[in-house]
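Worksheet for the structure shown next.
The values are calculated or read from the model by the stated rules, or taken from the named source; none is laboratory data. Since the structure is predicted, the reported quantities are computational estimates derived from the model, not experimental observations. Neighbour counts run over all protein chains shown; Cβ positions are idealised from the backbone, glycine included.
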There are 2 protein chains.
Amino acid sequence: MEEWDEIEVPRNVKDIFVEMKNTAELMVDLAYSSILFNEEEMAEEVLELEEYLDLLNYHLMVHAVLAARRPKEAEQITSILHMAHAIDDMSNAAADLAKMVIDGVELHPVITEAILGSEEIIGKIFVSAESILVGKTLEELDLAANTGVWIVAVRRGKRWIFDPDGDFKIFPGDILIGRGTNTSIDYLKEIARGNIKVMGNE
Amino acid sequence: MEEWDEIEVPRNVKDIFVEMKNTAELMVDLAYSSILFNEEEMAEEVLELEEYLDLLNYHLMVHAVLAARRPKEAEQITSILHMAHAIDDMSNAAADLAKMVIDGVELHPVITEAILGSEEIIGKIFVSAESILVGKTLEELDLAANTGVWIVAVRRGKRWIFDPDGDFKIFPGDILIGRGTNTSIDYLKEIARGNIKVMGNE
């Protein structure tokens with residue numbers, strides 16, 4: 001990620017808020033993924049996102065405080081700060097998880113078991129050349145709706161793409177990191193292997 | 001929920017851990033839902049789950065500390081406590097959100113906009129008598145994989161069912177509270193209205 005003074009921050013409270021919520025949720029997914037796959041680069045991304053979130057939080061506070069005019073408004077605006085604080089707490093917890101990976105802490109095997117044994121798990125999905133995913137964008141595929149899997153990162157060769165956009169096009173050999181139930185991850189794996197040729201509600 | 005001394009806690013570290021992670025994630029979904037729909041009963045459930053999570057955390061610590069024999073084990077076990085702490089932090093943040101609802105804080109409209117404007121949103125899905133969902137269990141339907149929507153609660157008449165099990169059977173008139181993308185929530189709404197008669201990868 002670039003320097004913070006070059007980063008564009010959304011210009012209104014709503015957009016900053018949405019960005020904060022999305023960022024915190026991405027951080028949690030990436031933190032669990034970094035632990036599961038022992039991926040330091042992914043853990044570093046979580047910490048960079050934490051700084052970005054702090055910046056967003058700062059802008060939110062400035063906007064919010066400037067907006068307060070009357071007592072009723074002040075109470076409402078306090079609710080925004082309250083929620084922003086909770087989101088920030090969640091992101092800090094995600095960063096704490098990521099730090100374990102960066103510090104090279106010896107992890108107990110039960111940690112991996114817990115991440116893989118919960119209702120929503122993290123999966124690694126290899127895309128073969130025969131898959132219908134190849135050459136399509138994430139927007140076209142809409143994997144969240146069609147397979148129940150939320151893509152949080154993609155490994156392409158030696159490079160990581162975190163939180164890929166809708167116009168991200170899938171290549172053969174890509175490794176997708178996704179969050180979903182066991183069933184939905186397995187389903188997407190079959191599609192990615194080329195064993196299933198039609199997807200979701202098509 | 002019953003008294004804590006009647007509550008069964010999983011008997012091994014892995015199962016306690018999985019239960020903690022699932023509970024914290026449910027708390028976050030329910031907390032946002034309680035804010036969005038201003039549902040005090042749902043917010044109360046979040047606080048009860050927080051107490052349950054504290055109990056789980058206590059049992060986890062007892063188990064973990066008893067298991068430590070050698071220094072290498074101690075480091076690994078510390079990693080469990082570290083992760084449990086992060087999960088607990090996330091659940092506390094969710095509880096902070098729920099408390100806003102219980103305290104009747106005047107919420108700024110931008111809070112609702114942010115919850116409805118983020119990548120994963122919360123939706124309210126009304127089930128009509130014509131829907132293919134009626135009479136099927138959540139396990140049969142596997143909505144997470146087939147529609148991308150995660151059901152966190154169901155409103156049946158005057159009653160809330162939180163975190164419904166796989167054998168929960170959908171009735172006409174049920175209101176499902178689900179987490180998913182805009183597209184997936186809209187898709188499930190069409191199924192629930194009876195406008196779409198085939199679902200997902202059938």
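Values as computed for the structure displayed
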| quantity | calculated |
| --- | --- |
| Leading residue by the ranking (surrounded by the fewest Cβ atoms within 10 Å (Cβ to Cβ)) among those in region A:107-124 that are under 20 Å from the mean Cα position of the chain (by Cα) and more than 14 Å from A:Phe37 (Cβ to Cβ) | A:Glu119 |
| Index of the failed condition, A:Leu141 passing every other in (1) within 9 Å of another protein chain (Cβ to nearest Cβ); (2) crowded, with 20+ Cβ neighbours inside 10 Å | (1) |
| Residue match in region A:33-41 (condition: outside any loop (DSSP other than H, G, I, E, B), more than 10 Å from chain B (Cβ to nearest Cβ), of a type in the set (Gly, Ala, Ser) and touching a strand residue (DSSP E or B) at 6+ places or on another chain (Cβ under 7 Å)) | yes |
| Residue count for region B:95-125, restricted to those that are out of contact with any Leu (no Cβ under 8 Å at 6 or more places or on another chain) and either touching a residue at least 40 places away in the same chain (Cβ under 8 Å) or at the interface with chain A (Cβ under 7 Å from one of its Cβ atoms) (or both) | 16 |
| Filter result for B:Glu73 (facing another protein chain (nearest Cβ under 9 Å), over 19 Å from the mean Cα position of the chain (by Cα) and part of a loop (DSSP other than H, G, I, E, B)) | no |
| Test for A:Leu36: is it on the phi < 0 side of the Ramachandran plot, touching a Leu at 6+ places or on another chain (Cβ under 9 Å) and surrounded by 18 or more Cβ atoms within 10 Å (Cβ to Cβ) | yes |
| Residue within region A:104-119 that is small (Gly, Ala, Ser) and under 20 Å from B:Thr181 (Cα atoms) present | no |
| Candidate set: region A:83-115, residues that are assigned to a helix (DSSP H, G or I) and among the charged types (D, E, K, R); chosen: the one farthest from A:Glu25 (Cα to Cα) | A:Glu113 |
| Some residue of region A:52-60 being over 24 Å from B:Ser91 (Cβ atoms), part of a helix (DSSP H, G or I) and of a type in the set (A, V, I, L, M, F, W, C) | yes |
| Selection count where residues are assigned to a loop (DSSP other than H, G, I, E, B) and either within 14 Å of another protein chain (Cβ to nearest Cβ) or among the basic types (Lys, Arg) (or both), scope region B:146-157 | 2 |
| Unique residue being at pLDDT 95 or above and aliphatic (A, V, I, L, M) when the list is A:Ala64, A:Ala93, A:Ala68 | A:Ala93 |
| Test result for B:Lys124, in a strand (DSSP E or B) and farther than 25 Å from A:Ile77 by Cβ | yes |
| Flag for A:Leu30 being farther than 25 Å from A:Val154 by Cβ and buried (at least 23 other Cβ atoms within 10 Å of the Cβ) | no |
| Top-ranked residue in region B:148-202 [being hydroxyl-bearing (Ser, Thr, Tyr) and more than 17 Å from the chain's Cα centre (by Cα); ranked as nearest to B:Ala24 (Cα to Cα)] | B:Ser184 |
| Filter pass, B:Gly173 being surrounded by fewer than 19 Cβ atoms within 10 Å (Cβ to Cβ), within 16 Å of A:Ser184 (Cα to Cα) and not acidic (Asp, Glu) | no |
| Test result for B:Ile16, within 26 Å of A:Met100 (Cα to Cα) and assigned to a helix (DSSP H, G or I) | yes |
| Residue check for A:Leu133: part of a loop (DSSP other than H, G, I, E, B), outside the structural domain of A:Leu36 (by TED's automatic domain parsing) and either surrounded by 17 or more Cβ atoms within 10 Å (Cβ to Cβ) or touching a residue at least 40 places away in the same chain (Cβ under 8 Å) (or both) | yes |
| Qualifying residues in region B:158-202 (those that are among the small types (Gly, Ala, Ser) and part of a loop (DSSP other than H, G, I, E, B)) - the one farthest from the other protein chains (Cβ to nearest Cβ) | B:Gly173 |
